[in-house]
Amino acid sequence: MLECVIFDLDGLMVDSEPLQYRAYRDAFAHYGFELSLSQWTQWRMLEASPRRWVEASGLPIDSEELRTRKKLIYDQMIATELTLKPGVVTLVDELAASYRLSVASGSRHESIYGCLERFSLLHHFDHLCSATAVERSKPYPDVYLHALGLLQADASATVALEDSPTGLAAATAADIRCVVCPDPFLPTPADAYADASLLVESLTQLDANRLEQLVLQPYDDGLHE
């Protein structure tokens, strides 16, 4: 029986990936460096922190200054440009009536809070779990294990909703069934989602009944459409 649903945030609930890219692109430009879309895609797929990315790229930039500059740009974008993905409000409203909900995201806690507050969704979630509060970020399972602990939930009674291969890997490593709704802004080979319990094109294709059916199936039975 389904008890909890854990949502990713960026690229799944909010259409933030274009804004994240623009914010970092503008922050890098301040230091005279160009961040291409292909570089950003690689960065996101690796789920690398700004410090790791700057060090791996050999850039003479203070990663904390970069992050602070990006935060100022992005927070303004959240307030003026951020939009929800289709189907989010309907799905969250329905699920919150019967299940406990959490967010498990690589974003800062302030960003998670700000995004959900802006769209009046914050009150539906029991916990907001940021990867910055755990030792390892996705694709490691730490943020999902943290969410399960706060929810006092069993993985077998939980479903995760994700948009990326790294998010899928994190959820499955925590033994949580995972539905993937890919974000088209970051093109990804279809076989990257082979481990998904369900693959959909939009959250409008999901409802409580579909998620309930997932937890009744053997864990390794994937459904795709």
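The values are calculated or read from the model by the stated rules, or taken from the named source; none is laboratory data. Keep in mind that this is a model prediction, so the values were computed, not measured. Neighbour counts are summed over all protein chains in view; Cβ atoms, including those assigned to glycine, are modelled from backbone coordinates with ideal geometry.
Out of everything in the stretch 37-64 that is of a type in the set (S, T, N, Q) and modelled with pLDDT of 85 or more, what residue ends up being farthest from A133 (Cα to Cα)? Talk me through it step by step, then tell me what you get.
First, the residues of the stretch 37-64 that are of a type in the set (S, T, N, Q): 38-39, 41-42, 49, 57, 63.
Still in the running and modelled with pLDDT of 85 or more: 38-39, 63.
On the way: S38: 28, Q39: 26, S63: 18 Å.
Within the stretch 37-64, the match that is farthest from A133 (Cα to Cα) is S38.
Surrounded by fewer than 16 Cβ atoms within 10 Å (Cβ to Cβ), outside the structural domain of S202 (by TED's automatic domain parsing) and of a type outside the set (G, A, S): which single residue out of D62, D93 fits that description?
Of D62, D93, the one residue that is surrounded by fewer than 16 Cβ atoms within 10 Å (Cβ to Cβ), outside the structural domain of S202 (by TED's automatic domain parsing) and of a type outside the set (G, A, S) is D62.
Give the residues of the stretch 170-192 that are over 12 Å from the mean Cα position of the chain (by Cα), modelled with pLDDT of 95 or more and over 21 Å from A96 (Cβ atoms), sorted by residue number.
T172, A173, A174, D175
Filter the stretch 210-224 down to residues that are loosely packed, with under 14 Cβ neighbours inside 10 Å and modelled with pLDDT of 75 or more and give me whichever is nearest to the chain's Cα centre (by Cα).
In the first step, residues of the stretch 210-224 are kept if they are loosely packed, with under 14 Cβ neighbours inside 10 Å; the result is 213, 216-218, 220-221, 224.
Right, trim to modelled with pLDDT of 75 or more and you get 213, 216-218.
Working: Q213: 23, L216: 25, Q217: 24, P218: 25 Å.
Of everything passing the filter in the stretch 210-224, Q213 is nearest to the chain's Cα centre (by Cα).
So which residues in the stretch 193-209 are within 16 Å of A96 (Cβ to Cβ) and over 18 Å from the mean Cα position of the chain (by Cα)?
Answer for the stretch 193-209, where residues must be within 16 Å of A96 (Cβ to Cβ) and over 18 Å from the mean Cα position of the chain (by Cα): D207, A208, N209.
Quickly run through the stretch 41-92 and pick out the residues that are among the acidic types (D, E) and part of a helix (DSSP H, G or I).
Step one: list which residues in the stretch 41-92 are among the acidic types (D, E), which gives 47, 55, 62, 64-65, 75, 81.
Within the stretch 41-92, E55, E64, E65, D75 qualify.
Which members of the stretch 16-40 meet the condition of being assigned to a helix (DSSP H, G or I) and of a type in the set (S, T, Y)? First the steps, then the outcome.
Taking the stretch 16-40 first, the residues assigned to a helix (DSSP H, G or I) are 17-30, 37-40.
Selection gives Y21, Y24, S38.
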